[in-house]
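Engineer: Could you have a look at this structure, given as structure tokens, before my questions?
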Amino acid sequence: TGLNGCTGVTRNPWNKDHQSGGSSGGSAVAVSLGIVPFALGSDTGDSVRKPASFCGIVGFKPTWGRISRFGLFPFAPSLDHVAYFTRTVKDSAYVLEALAGVDYEGSKHMEKIVAANLKMNFTFNEVKEYSKNINLDVKGKKIAIIKEISDLMTNEELKNSFENIKNELINSDAIVE
């Protein structure tokens, strides 16, 4: 929760009246303030993604097996992932390139051994150069706006900012639905 840190409550670095958002909030604060370029966290339900959103940074929870969970103390084994924080999407791609790979201690590796013994084909997704696929061109990209959520915005400043971003996307030829 960020309430029981050894130095006190972990606060949002941009608004001290707010908490940092969760159990990996200290890592989010360290990245947000530029103390470190990235930080790891464990994400079960939203323990990385939520603090990232609160602190204005990128929180990334990979798909199952993309990053080894070896050494992670699981809260809910089927949901726990090693996840991380960065300041930019490009930095996130670089971190994924460094952390991704075969989990030799996990269940996927055991499946590969069993498949090999049974003479079956079994392949792992190779680690791609994710950073090479990042560009800022949104032309033709589909952007979904969930009306049931956007209609709940009551803060005028937030609504105006949201509308400005939506208009920028439309003017950049993104498909906004």
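Engineer: Note down the magnitude of the dipole of region 3-102 about its Cα centre, charges +1 on Lys and Arg C-beta and -1 on Asp and Glu C-beta and zero elsewhere, to the nearest 20 debye.
Structural biologist: Taking the Cα centre of region 3-102 as origin, the dipole is about 100 debye.
Engineer: Amide H neighbours of H18 under 5 Å, at least 5 residues apart or on other chains, H built in the peptide plane: list them.
Structural biologist: Amide H to amide H, under 5 Å and 5 or more residues apart or across chains, H18 pairs with N12.
Engineer: If you count, for each residue, the other Cβ atoms within 10 Å and average over each peptide, how do 59-68, 140-149, 126-135, 46-55 line up from highest to lowest?
Structural biologist: Put in order of decreasing packing, that is 46-55, 59-68, 126-135, 140-149.
Engineer: Among rounded, prolate and oblate, which fits region 122-168 when a ≥ b ≥ c are the square roots of the eigenvalues of its C-alpha gyration tensor, a/c under 1.5 means rounded, and a/b larger than b/c means prolate?
Structural biologist: Verdict is prolate for region 122-168.
Engineer: In whole percent, and with a 1.4 Å probe on the protein chains, what portion of the accessible area of region 55-105 is carbon and sulfur?
Structural biologist: Answer for region 55-105 is 63 percent, counting heavy atoms of protein chains only.
Engineer: Taking a 19 Å limit on the Cα-Cα distance, which of the listed pairs K90/K132; K139/K166; K90/K128; K61/K139; K50/K142 fall beyond it?
Structural biologist: Pairs exceeding 19 Å: K61/K139; K50/K142.
Engineer: While we're here: What does the C-alpha gyration tensor say about the overall shape of region 1-102? Classify as rounded when a/c is under 1.5, otherwise prolate if a/b is larger than b/c, or oblate.
Structural biologist: oblate
The values are calculated or read from the model by the stated rules, or taken from the named source; none is laboratory data. Nothing here was measured: the structure is a model prediction, and the numbers come from that model. We place every Cβ from the backbone using ideal geometry, glycine too, and count neighbours over all the protein chains shown. The area values use the complete protein model at the heavy-atom level, side chains included, leaving out ligands, DNA and RNA. Shrake-Rupley method; radii C 1.70, N 1.55, O 1.52, S 1.80 Å.
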